[in-house]
């Protein structure tokens, strides 16, 4: 009876004059997804399933594609977003955006005018979008194929050393604005810049003006179900590798298409998945349901999942733990070294939400306390607002309903007040 009742409710919401549109893929109410082709509360969003360049162009901006080859042979594709205004991006302050876990550059462009990439370009910045190795946009290598197990045999340390360095140097060389780049990272994007900046503080200071870390991960304080997954992570990862599995979601398009097919029939189930990977959802918009799953998840190397688990279980911000014997070979000690956040002297701004499933204000404060930066700040988003319906989760930093007012306005203040380019 319940499915029939739900169908009747949805039909009651439709107008007899509403045309049938089989391409509808966004609905303002979850119930309407069941009858999305005829509901007046549904429409077609062309960004569902679109690539980063397609979305950028459709929203009226130009885009440049740049290849970046790392020192270990991975060929990354990063994008530069060109302003709608006449003229070039020359001498505008560069901002480099680095995505998080199971994501790619789509995260910064897929929610239309609410997207961070467009907001920054409109605010006068030269915006660059990174894509880490293994994502759909960065799957080439000088000698390896993605079907080779060796291709996926990298961890967080590797990506921090090679991908972040190569991408930032590319931006510096293309713009001629070395030392003025603002790095904005989300989730894993924050982990990588903390690792890189702690390992190579002088090079980081040469390249960057400052760091804005959204949902920053160096230390964990996860929800119980995440804690359980992280606890068993090293053992599970070891078992997967023994079976020859080096990557989660090696063919993400198949999963995305499956979810796009399933979610209209079971929208509440799919919303529950969003909750599991993000946290409480007061800021999630129903019309972004299929849009979200058309861009999430992307591939994730097993070694990276293992390393995050190791960090949580050891309660340390540390390098990959290979085991005592190989640790001695790699590090000259039987335990993995910890990253020294005290070596980071750049301005760092840590922005988090109370509904995050991986971190809390306490774990963010640990990062803050260990940073060597003279200029540093923690902000709970939204600032000075404790209304339950307004609080951010882990992924609200790229899709929240009120992202423009709650997040972008705060980021704009930080950038204009504290991170002006050199010489200004």
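The values are calculated or read from the model by the stated rules, or taken from the named source; none is laboratory data. Since this is a predicted model, take the numbers as computed values, not measurements. Backbone-built Cβ (ideal geometry, glycine too); neighbour counts: all protein chains shown.
Go through region 125-179 and give me each residue that's closer than 11 Å to residue 68 by Cβ and in a helix (DSSP H, G or I).
162, 163, 164, 165, 166, 167, 168, 169, 170, 171, 173, 174
Any idea which residue in region 12-51 is modelled with the lowest pLDDT, counting only those that are surrounded by 14 or more Cβ atoms within 10 Å (Cβ to Cβ) and in a helix (DSSP H, G or I)?
Within region 12-51, the match that is modelled with the lowest pLDDT is 13.
Which one of these does residue 168 not meet: (1) within 25 Å of residue 407 (Cα to Cα); (2) out of contact with any helix residue (DSSP H, G or I) (no Cβ under 7 Å at 6 or more places or on another chain)?
Here residue 168 clears every test but (2).
Each row is one residue, and each column tells you yes or no for (1) assigned to a loop (DSSP other than H, G, I, E, B); (2) modelled with pLDDT of 95 or more; (3) closer than 30 Å to residue 410 by Cα; (4) in the same structural domain as residue 247 (by TED's automatic domain parsing).
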position: 270; (1), (2), (3), (4): no, yes, no, yes
position: 273; (1), (2), (3), (4): no, yes, yes, yes
position: 283; (1), (2), (3), (4): yes, yes, yes, yes
position: 304; (1), (2), (3), (4): no, yes, no, yes
position: 307; (1), (2), (3), (4): no, yes, no, yes
position: 346; (1), (2), (3), (4): yes, yes, yes, yes
position: 350; (1), (2), (3), (4): no, yes, yes, yes
position: 354; (1), (2), (3), (4): yes, yes, yes, yes
position: 368; (1), (2), (3), (4): no, yes, yes, yes
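Can you tell me how many residues in region 370-387 are assigned to a loop (DSSP other than H, G, I, E, B) and in contact (Cβ under 8 Å) with a residue 12 or more places away in the chain?
9
Mind listing whichever residues of region 152-175 are touching a residue at least 24 places away in the same chain (Cβ under 8 Å) and more than 17 Å from residue 320 (Cβ to Cβ)?
The answer is 165, 166, 167, 168, 169, 170, 171, 172, 174, 175.
Give the residues of region 52-71 that are free of Cβ contacts under 8 Å to residues at least 40 places away in the same chain and outside any strand (DSSP E or B), sorted by residue number.
53, 54, 57, 58, 60
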